[in-house]
Amino acid sequence: MARLSPAPSVRRDRRVLVTGATGVIGRELVRLLVEGGARVRAASAHAPVDPHPGAEYVQGDLMSRDVCAALARGVEDVFHLAAVRGSVAVGRTHAADFFVKNLLMNTHMMEESRKAGVERYLFASSVCVYAPAEVFIEDKAWDEPPHPSDAFAGWAKRMGELQASAYKEQYGWDRVAIVRPVNVFGAYDDFDPRTAQVIPALIARVLGGEDPLRAWGDGSAVRDFLHARDAARGMVLALERYACGVPVNLGSGRGYAIREVLGTILDVTGVRPRVAWDTSRPAGERSRVADLTRARTELGFEPTVSLRAGITETVEWYRRSAGRPHLRWTAFDR
């Protein structure tokens, strides 16, 4: 049995900004911070659905430098989670969105936070920065370019990490935490099969009655998955214990074949469509698993939500929420 991570402590009355606050991780992070006593400014590009009553919500486009400056004013800590994310396929058809929008949001938010005197800053990078490897180890990320399927998002995230290094070099601003989450899933995710990542896309398609269910690849691709609640907790731990400009992975440290993931979803939902694996469609890298040595050593981090428990919780939420507007929104609506 995995040992449990210590619960992160949140300093009461700390003034905190969370960008991407209505996303799959952002919602869990806002809840965690508010319940810990922080005063949270929650920023997103769209009006919030089911907002947390203890947070102040602000709607704005983080590609605007002026918006970023206004958001950073008067806060002590920033968690920058806002990003364009999606499936391997949409990463190709929306290459400019993945590169330009992420680059602008990352650059402006970090620059305006530095200028505003923010004390601590968390930059949510991604495992998409890595070149192909069986296991992703933080210090090897820059050895080669990102995998071609992740090139545009990967380089945008790399530039955010490099920006933090530049600020440490020139300004001595070294209180920046850099986390590289794996595939994160949970409630309030993007469930649109055209754009969603693997778990929410499969849940939506299975519960939508698709039969036969056409799955990309042959099911052998291996991925590391992390529930949003664990991702949020890991980010708080990183800001508290490892805001030093050195990247740290957040994941489960275990690989799951997509065939196993689909089998778990079918088992949890009780739906039994015919499954047709389409090997003509892209499946991305063969294996993407995060090494958690640094997260365990420096943060005391261990995931607490198993893949099956997380899928069960997500399926139950999706069934309760079917037909509501947030299930139809994607990052490519603007």
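Since every read-out is calculated from the coordinates, none of them should be taken as a lab result. As the structure is a computational prediction, the values presented were derived from the model and not from experiment. As a convention, Cβ positions derive from the backbone with ideal geometry for all residues, glycine included, and neighbour counts pool all protein chains shown.
Annotations
- Additional length obtainable on full extension of the chain from S280 to S64, 0.36 nm per residue less Cα span: 73.8 nm
- Rounded to 10°, Cα long-axis angle of helix 228-241 versus longest principal axis of the chain: 30
- Fewest neighbouring Cβ atoms within 10 Å first, the residues K157, K168 line up as K168, K157.
- What the phi angles of the stretch 12-28 give under the Karplus curve with 6.51, -1.76 and 1.60, with θ = phi - 60°, is a coupling list of 4, 6, 5, 8, 10, 10, 10, 8, x, 6, 9, x, 4, 8, x, 4, 5 Hz, glycine and proline written as x.
- E111-D13 pseudo-label distance in nm [points 7 Å out on the Cα-to-Cβ vector]: 3.5
- Candidates R120, R41, R281, ranked by Gaussian network fluctuation over the chain, Cα under 10 Å, top entry: R281
- Amide H contacts of N249 (H built 1.01 Å from N, under 5 Å, at least 5 apart or other chain): R180, A295
- Taking max minus min of the alpha-carbon positions on each principal axis, the stretch 105-225 gives extents of 57, 31, 19 Å, largest first.
- Ordering of 262-275, 215-228 by packing [mean C-beta count within 10 Å, highest first]: 215-228, 262-275
- Under a model in which nothing but the beta-carbon of Lys, Arg (+1) and Asp, Glu (-1) is charged, the chain shows a dipole of about 460 debye around its Cα centre.
- Estimated vicinal HN-Hα couplings, Hz - the stretch 182-187 in sequence order (Karplus 6.51, -1.76, 1.60; Gly, Pro = x): 7, 5, 9, 9, x, 5
- Taking Cα atoms only, the orientation of helix 307-321 departs from the longest principal axis of the chain by about 90 degrees.
- Fewest-first sequence of M109, M159, M63 by Cβ atoms within 10 Å of each Cβ: M159, M63, M109
- Residues in the stretch 127-139 carry Karplus couplings, in order, of 6, 5, 6, 7, 6, x, 6, 5, 9, 8, 10, 3, 6 Hz; the curve used is 6.51 cos²θ - 1.76 cosθ + 1.60 with θ = phi - 60°, and Gly or Pro positions show x.
- Choice from S113, S125, S321 with maximal GNM fluctuation in the chain (Cα, 10 Å cutoff): S321
- Taken along the Cα-to-beta-carbon direction at a fixed 7 Å, the label points for W142 and E119 span 2.9 nm.
- Axis of helix 151-171 versus longest Cα principal axis of the chain: the two differ by about 20°, to the nearest ten degrees.
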